[in-house]
Each structure stands twice: as C-alpha cells, then as structure tokens.
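The block underneath contains the structure these notes are about, expressed in structure tokens.
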Amino acid sequence: MPSTDSHNPTDCEYFAHDSAFIDVPCEIGQATKIWHFCHVMKHARIGQNCILGQNVSVAQGVVIGNNVKIQNNVSVYTGTVIEDDVFLGPSCVLTNVANPRAQIVRHSLYEKTVIRRGATVGANATVVCGRTLGRYCFVSAGAVVTKDIPDYALVMGVPARHVGWVSRHGIPLPDPDADGLMVCAESGFRYKLVAPATVRCMDLEEEAPLPPEMATGSILYRELKRGRSG
Ligand SMILES: CC(C)(COP(=O)(O)OP(=O)(O)OC[C@H]1O[C@@H](n2cnc3c(N)ncnc32)[C@H](O)[C@@H]1OP(=O)(O)O)[C@@H](O)C(=O)NCCC(=O)NCCS
C-alpha cells in the first residue's frame with residue numbers, strides 16, 4: 001500500500017503493508033517501509049528511509065530519525081528518542097518506567113531513553129529506561145543496559161559491561177598502537193581515545209554519511225576477526 005494520503009502531513013511517500021495500523025496524525029518520511037502487523041500511534045515521527053520489520057510498535061510521540069532499521073518484534077515506547085542510522089535488533093526490549101505497578105498510573109512520568117546516531121542494540125537485549133546509548137555504541141545480543149553507554153563502546157552481558165571499543169562498521173577495535181590509534185579492520189578508519197571514555201573517528205566526521213562504496217559489507221565478520229588474529 002504505497003501511501004501519499006492524509007496519514008502523513010508532510011505528504012511524503014512511504015510504504016505500509018495492508019496489515020499495519022497507522023494512526024493519525026503522525027509523520028512518516030519518504031521511502032520508509034512498514035511491514036506486517038506494525039502499529040504506528042498518533043504523534044509519532046518517523047524519518048526517511050527507515051524499515052520497521054514485522055510486529056513493530058511505535059508509541060505516541062516517539063521520535064525516530066532517518067535510516068533507522070528496526071527488526072521484528074520491537075516496541076518503541078513513549079519517551080524514546082532514536083537518532084539517525086540506529087539498528088534495533090530483533091526482539092530487543094526498550095522500557096519507559098523504572099518501577100512499574102499495575103495499580104499506579106505513571107503516564108506523565110515516562111523516562112527518556114536516547115539512542116544516538118549509528119548505535120546498535122543486539123537481538124533480545126534490554127535497555128532499562130532513562131539511559132543514553134552513545135553514538136555508534138554496540139549493545140551485544142542479550143545484554144541488559146543499566147547505565148549510559150559512551151560513544152563507540154562495545155557492551156556485553158547482564159548487566160552490560162564495557163568490554164572494548166567498536167568501529168562505525170561494527171568491528172571491535174584492537175588495542176591502540178604507539179600513536180594511540182585503533183584501526184578498523186574493515187574500513188581502515190582510525191579511531192583514537194581522545195579523553196577518558198571518549199573515542200573519536202579521525203577519518204570521518206560523525207555526522208557525515210559513509211561514502212557509498214564503504215556502506216556495503218563484503219567480508220564476513222569471522223574472516224575479519226581471523227585476519228586480525230593472523
Ligand atoms: C558483540 C558480538 C559481535 C561479539 O561477537 P564476537 O566478537 O564473535 O565474540 P566472540 O565469539 O569472539 O566471543 C568473545 C567472548 O564473549 C562471549 N560473548 C560473545 N557474544 C556474547 C554476548 N552476546 N553476550 C555475552 N557474551 C558473549 C563469548 O562467549 C566469548 O567468551 P569467552 O572468551 O569466555 O569464550 C556478538 O556477540 C553480538 O552480540 N552480535 C550481535 C548479533 C545480533 O544481535 N544481531 C542482530 C541482527 S540479526
């Protein structure tokens with residue numbers, strides 16, 4: 001069901017499968033695809049070129065940036081802000097009340113969770129509300145996030161612990177060389193710890209899109225890891 005209809009005040013064209021419910025008013029950007037059994041609630045704002053897989057729910061007032069990929073069975077609750085280029089893995093869980101009780105209404109007390117540009121939340125991970133997940137951070141599958149995560153941090157386990165740094169391409173970074181640089185095995189981009197818990201890419205502005213030729217994977221993760229360990 002391609003749509004240019006009144007669902008979308010910005011009059012952009014997006015695709016929503018016939019089985020999806022799109023409440024009005026809401027905003028959905030151009031070229032976004034919304035697949036089977038999704039529900040987008042009113043006042044949600046979804047950017048351009050996003051994909052909402054099967055059974056994704058986007059609650060009232062949620063803000064989602066451009067090029068966000070949300071895998072099957074994810075509920076994005078009110079209070080969540082998702083920046084551009086975020087990946088939410090299948091069946092990951094976001095939350096918006098720290099101390100829910102069925103008897104107590106806390107609709108005005110939803111906590112804010114911010115998932116910053118380029119971050120990945122792995123399959124079946126849980127994010128306890130009120131946290132900020134930094135740019136290009138990587139939450140591994142099944143982790144439970146209970147603290148803010150620095151940019152480019154790789155976190156793992158329950159509770160999620162910071163175990164290393166990861167590149168924009170999702171490749172764990174090696175120990176720094178003599179110049180303090182960590183080179184991504186896939187892209188060759190150099191990263192540097194410029195302050196405690198502050199990694200920056202030295203070769204591309206964080207806001208800049210990846211050059212198209214660097215935006216398609218060609219080497220399996222396992223092969224890259226094998227190459228690194230010789
Ligand atoms: C973070 C990730 C990339 C790490 O993978 P990896 O580099 O191959 O890690 P390894 O297999 O080398 O494992 C290193 C250690 O961490 C452990 N480990 C790996 N993944 C783990 C996870 N998700 N949670 C807890 N521990 C994990 C391994 O058991 C191993 O422990 P050991 O040293 O005691 O044996 C991967 O675990 C992950 O979560 N990927 C996300 C997958 C996903 O959700 N995809 C969604 C789209 S389909």
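Values quoted throughout were computed directly from the atomic coordinates according to the rules given, and no laboratory measurement underlies them. Just so it is clear, the model here is predicted, and its values are computed rather than measured. For neighbour counting, all protein chains shown are included, and Cβ atoms are generated from backbone atoms with ideal geometry for every residue, glycine included.
Backbone amide hydrogens, once placed in the peptide plane, bring L154 within less than 5 Å of F138, V163, G164, W165, V166, excluding anything fewer than 5 places away on its chain. Put simply, the Cα atoms of the stretch 169-230 extend 32, 30, 16 Å along their principal axes, the longest span coming first.
Going from the residue with the fewest nearby Cβ atoms within 10 Å to the one with the most, K33, K147 rank K147, K33.
Using a Gaussian network model of the chain whose springs link C-alpha atoms within less than 10 Å, name the residue from T216, T95, T198 with the highest mean-square fluctuation. In the Gaussian network model the winner is T216.
Projected onto its three principal axes, the C-alpha set of the stretch 4-168 covers 47, 43, 22 Å, listed from the longest axis down. Listed cross-link partners K69/K192; K69/K147; K33/K225 are compared with a 30 Å cut-off, the Cα-Cα value being larger for K33/K225.
Are there GluC sites (Glu not before Pro) in the stretch 185-230 that DSSP puts in a loop and that have at most 10 other Cβ atoms within 10 Å, and which ones? Here the GluC sites (Glu not before Pro) that fit, given the DSSP loop and packing criteria, are E205, E207. Bridgeable aspartates and glutamates around K42 (alpha carbons under 14 Å apart, same-chain partners fewer than 8 residues away excluded): D23, E27. Per-residue 3J(HN,Hα) values for the stretch 207-214, derived from phi via the Karplus relation 6.51 cos²θ - 1.76 cosθ + 1.60 with θ = phi - 60°, read 7, 6, x, 5, x, x, 5, 9 Hz in sequence order (x marks Gly and Pro).
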